[in-house]
Amino acid sequence: MLPFLPRVAKSGAKLLPKQTYTRSLATFSNQKVQISNLESDKFINYQRIEDNLKIVRDRLGHPLTLAEKIVYGHLDDAKNQDIERGASYLKLRPDRVACQDATAQMALLQFMSAGLPSVAVPTTVHCDHLIEAQKGGVADLARANDINKEVYSFLSSCSQKYNIGFWKPGSGIIHQIILENYAFPGGMMIGTDSHTPNAGGLGMVAVGVGGADAVDVMADIPWELKCPKVIGVKLTGKLSGWTTPKDVILKVAGILTVKGGTGAIVEYFGSGVDSISCTGMATICNMGAEIGATTSLFPFNSRMADYLRATKRESIANYATAFQHNLIPDAGAKYDQVIEIDLNTLEPHVNGPFTPDLATPLSQFKDAVIKNDWPRELKVGLIGSCTNSSYEDMSRSASLAQQALDAGIPAKAKFTITPGSEQIRATIERDGQTAVFDKIGGVVLANACGPCIGQWDRQDIKKGEKNSIFISYNRNFTGRNDANPATHAFVTSPELVTAMVFAGDLTFNPMTDTLQGPNGPFKFEAPSGNELPPRGFDPGVDTYQAPPKDRSSVAVDVSPTSDRLQLLSPFAKYNPKNYENIDVLIKVKGKCTTDHISMAGPWLKYRGHLDNISNNMLIGAINISNNKANSIYNKLTNQFEAVPKTARDYKAAGKPWVVIGDENYGEGSSREHAALEVRHLGGVAVIVKSFARIHETNLKKQGMLPLTFANPADYDKINPEDLVSIVGLDSFQPGVPLTLRVTKPEGTKVDIKLNHTFNAGQIGWFKAGSALNLMAESAK
């Protein structure tokens, strides 16, 4: 083999010198590189990508983006697959599946009903969602282990039974564990959490899905995805000073809004990429979920290779280096939209409150606080979570805390720290960052999601009290973190959160302003910190449970009297009568996220019990009739009652119903409960101006009709007291609109055109009653 000199890609990603491997087609099929250090019998299949791309290039005849290379490289049938961005439904073969404990319950209950002996692809379950932040890491973990014993036992035994890797409570947040152990350049993964795209920081196409999609892949059925468009984000310049990777995605969110990425993969490229660490790239990809993107990713470069080596995966770093021609975009690749960001001039940003796309540069934030009368006092600063809990994040935040300590400046607000994994917790404890946080009164929470998903037993304010918090998380919907709709949550970098804790005032700008200390005025210097630990990572406590070699004697029990777990019964097949002259349960006004449809927080404990968790269905949605949440008119009792109660009354009376909604309905989490609950309580259709991608798919999987107004203004033609019929289902077919026939109380009728995105296979799900029903029928 001839000496190989470093190259620079036209995309801006720094190409690495080849090491052990050659680039011939035979090489990739001959090499056996483990997909992870925990799965010795599973190997990376770069040869499949190489072979598929040869076929696709011949067919398409144009340069490919990185997103296209990875997605088309995982096609089930590259020769015959129809490929058109934004139109075709692709059948794909992901490399692995990941589930967090809250969504894994329903996913595994569905998989059990399929009657298969083992998952078909490497799969893991991660216990991170059910640990409530209350006192601190150790105490909260012990409490969670006690409260959730039944659920953890189910997940553990189910994982053993079906050959699934199981990460115990306290191991860390799913996305950090994936990045540390399982993500690899060029791979494809689906995960039952909306922030699965975090793995894009290692050049992986990682997509958040509902549990039913995960079941398909675990059952060796190709995964279906509408061929994504590709939005390119060109980065130039270099990050420095107070500007962080988080500010890149905060800026992008401000440009694209919460629905601007829907149906697209966001692909970063350009010379600025190399100034961002691997974990920084993961931060950017993680929060890409907030713009509705299918996923986000970066081209493979030296920063990724460094991280792979630091996490003991040098063989993958070497293999990816040899395969780099397919881990970067082709020169001349075409994007559907291009956004350019100069990192040299990018300012730190603060996004919020109440939505992650309200982006304000730090230099303008003081004026925004005053103009909008946002609560000026900062009550709590919270850093960590799956978005920002890397070693680099913690080190840079600790550098600011140490500056304040040295100057004698006390913290003015409460401060919490959430390590992303046991490995991060152990390493920052060994290297001293935890001690610094402790000295300023910081509370280190469990290695879990905690306040980011509403698992926070907050005691410092009363519900309804207006207040402000700064978070380095990803999502800040109303009531998201603490169930208080009056809490103003602002998303920003962990560095800015930390600095603001010492001011306790939202009008403070650490780049320009000073604080008064015992020795006079004090001004922060820009944060600093190591990207990776100089002494290597400390793995901490071993929290991984591998599946046993002999699984024949493993039993999975679900008690019929449990209030946490419930075996599933099949949904009824299509019945034409259920779509004639039916009620409008609720006409939703404004934003309706999955948090509005199926709240998290205290409801997480019922994620394995469909009937119990259905008592939270749509209780956060605003009824257009009275501008109230969880208050709708019950036609059977002639009074305003709770949404779930009214739905149950209608179901018991044999009265199907529909939901009418606004724009981007179902944005946010991947939780399929937001679809399952509606189906379980008698809903047959959700009719809106537009859908978020994951929720629309989840509704289809459960036999529901997700439909959109051909003319969004037709939303105004329907009132909650109307009866509706869905016309055209007798000849239901792809690309052919349906009609909503609205009957007013006085008897007049209005016909409204409805669009849908069903393909032939998805219509099969609908007629069978659900995708799972169809799978069961096909297996007979």
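The values are calculated or read from the model by the stated rules, or taken from the named source; none is laboratory data. Note that the coordinates shown come from a computational prediction; the quantities given were computed from them, not determined experimentally. Here the Cβ is made from the backbone with ideal geometry for all residues, glycine too, and neighbour counts use every protein chain on show. The accessibility values were calculated without ligands, DNA or RNA, using every heavy atom of the protein model including side chains. Shrake-Rupley method; radii C 1.70, N 1.55, O 1.52, S 1.80 Å.
Annotation: extensible slack from Tyr544 through Asp513 equals 6.5 nm (criterion: 0.36 nm per residue apart, minus Cα-Cα distance). Taking every DSSP bridge with both residues inside region 463-580, close to 40 percent are antiparallel.
Legend: residue pairs Lys42/Lys229; Lys591/Lys753; Lys69/Lys700; Lys226/Lys700, Cα-Cα distance threshold 19 Å; pairs beyond threshold, Lys42/Lys229; Lys591/Lys753; Lys69/Lys700. The Rg/Rh ratio for the chain is 0.96, where Rg is the radius of gyration of the alpha carbons and Rh is the Kirkwood radius. Label-to-label distance, Ser731 versus Gln364, with points set 7 angstrom from Cα along the beta-carbon direction: 5.2 nm. In loop segments of region 25-132 as defined by DSSP, the trypsin sites (Lys or Arg not before Pro) with at most 14 further C-beta atoms inside 10 Å of their C-beta are Lys32, Lys79. The slack in the chain from Ser625 to Asp716, taken as 0.36 nm per residue of separation less the alpha-carbon distance, amounts to 31.5 nm.
Only the Cβ atoms of Lys and Arg (+1) and of Asp and Glu (-1) were treated as charged; on that basis the dipole of region 527-580 about its Cα centre amounts to roughly 260 debye. For the chain, the per residue solvent-accessible surface stands at 35 Å², with DNA, RNA and ligands left out and a 1.4 Å probe. Using 24 Å as the Cα-Cα cut-off, could you pick out the over-long pairs in Lys238/Lys312; Lys251/Lys371; Lys246/Lys334; Lys135/Lys463? Result: Lys238/Lys312; Lys246/Lys334 exceed 24 Å. Across the accessible surface of region 140-241, with the other protein chains kept in place and a 1.4 Å probe, carbon and sulfur atoms take up 46 percent.
For Lys32 and Glu314, a Förster radius of 22 Å and the Cβ-Cβ distance give a FRET efficiency of 0.90, rounded to the nearest 0.05. First check a/c for region 178-287, with a ≥ b ≥ c the square roots of the eigenvalues of its C-alpha gyration tensor; if it is under 1.5, answer rounded, and if not, answer prolate when a/b is larger than b/c or oblate otherwise. Prolate. The amide H of Lys334, built 1.01 Å from its N in the peptide plane, has Thr65 as neighbours under 5 Å, considering only residues 5 or more places off or on other chains.
Give the aspartates and glutamates reachable from Lys573 as a straight Cα distance under 19 Å; neighbours fewer than 8 places away on the same chain don't count. Once the sequence-local aspartates and glutamates are set aside, what remains near Lys573 is Glu677, Asp730, Glu777. How much of the accessible area of region 595-640, in percent, comes from carbon and sulfur atoms when a 1.4 Å probe is used? Result for region 595-640: 51 percent of the exposed heavy-atom area is carbon or sulfur. Each residue of region 93-108 is assigned a 3J(HN,Hα), and the resulting list reads 10, x, 7, 7, 10, 10, 10, 8, 4, 5, 8, 4, 4, 6, 4, 6 Hz, derived from the Karplus form 6.51 cos²θ - 1.76 cosθ + 1.60 (θ = phi - 60°), x at Gly and Pro. A full extension of the chain between Lys463 and His325 corresponds to an added length of 44.2 nm, given 0.36 nm per residue minus the alpha carbon distance. Under the rule a/c < 1.5 gives rounded, and otherwise a/b versus b/c splits prolate from oblate, where does region 403-470 land using the Cα gyration tensor? Judged from the Cα gyration tensor, region 403-470 comes out oblate (a/c at least 1.5, b/c at or above a/b). Between amide H atoms placed 1.01 Å from N, distances below 5 Å from Leu754 occur with Ala710, Leu738, Thr739, Leu740, all of them 5 or more places distant or on a separate chain. Placing a label point 7 Å from the Cα of Asn80 along the Cα-to-Cβ direction, the residues of region 740-780 whose backbone N falls under 18 Å from that point are 760-762.
Using the charge dipole of region 713-780 (Lys, Arg: +1 at Cβ; Asp, Glu: -1 at Cβ; taken about the Cα centre), state which of Phe766, Ala779, His756 has its Cα farthest towards the positive end. Towards the positive end, the residue furthest out is Ala779. Using the Cβ-Cβ distance between Val558 and Ser40 with R0 = 45 Å, the FRET efficiency computed as 1/(1 + (r/R0)^6) comes to roughly 0.90. Counting pairs of Cα atoms in region 29-136, how many percent are more than 15 Å apart? Percent of Cα pairs beyond 15 Å in region 29-136: 73.
The accessible area of Leu64, taken with all protein chains in place and a 1.4 Å probe, comes to roughly 0 Å². Let me know the shape class of region 110-205, please: from the alpha-carbon gyration tensor, a ≥ b ≥ c as square roots of the eigenvalues, rounded when a/c is under 1.5, otherwise prolate if a/b is greater than b/c, or oblate. Since a/c reaches 1.5 but b/c is at least a/b, the shape of region 110-205 is classed as oblate.
Ordering Val252, Asn326, Ala411 by the projection of their Cα atoms onto the charge dipole of the chain, which places +1 on the Cβ of Lys and Arg and -1 on the Cβ of Asp and Glu, puts Asn326 at the extreme positive end. This model, with +1 at the C-beta of Lys and Arg and -1 at the C-beta of Asp and Glu, gives region 337-408 a dipole about its Cα centre of some 280 debye. Across region 478-490, computed HN-Hα scalar couplings (Karplus, 6.51 cos²θ - 1.76 cosθ + 1.60, θ = phi - 60°) run 3, x, 4, 7, 9, 6, 9, x, 9, 6, 8, 9, 10 Hz from first to last residue, x flagging Gly and Pro. What share of Cα pairs, in percent, lie more than 13 angstrom apart in region 728-780? Value for region 728-780: 66 percent of Cα pairs lie more than 13 Å apart. Split the accessible area of region 52-132 by element, probe 1.4 Å, and carbon with sulfur accounts for 47%. Within the straight-line cut-off of under 15 Å between alpha carbons, the aspartates and glutamates reachable from Lys466 are Asp373, Glu377, Asp482, Asp505, sequence neighbours fewer than 8 places apart in one chain being disregarded. The 3J(HN,Hα) values that the Karplus relation (6.51, -1.76, 1.60; θ = phi - 60°) gives for region 740-748 are, in residue order, 9, 9, 9, 10, 6, x, 7, x, 5 Hz. Gly and Pro appear as x.
For Val350, the residues whose modelled amide H falls within less than 5 Å of its own, excluding neighbours fewer than 5 places apart on the same chain, are Thr360, Leu362.
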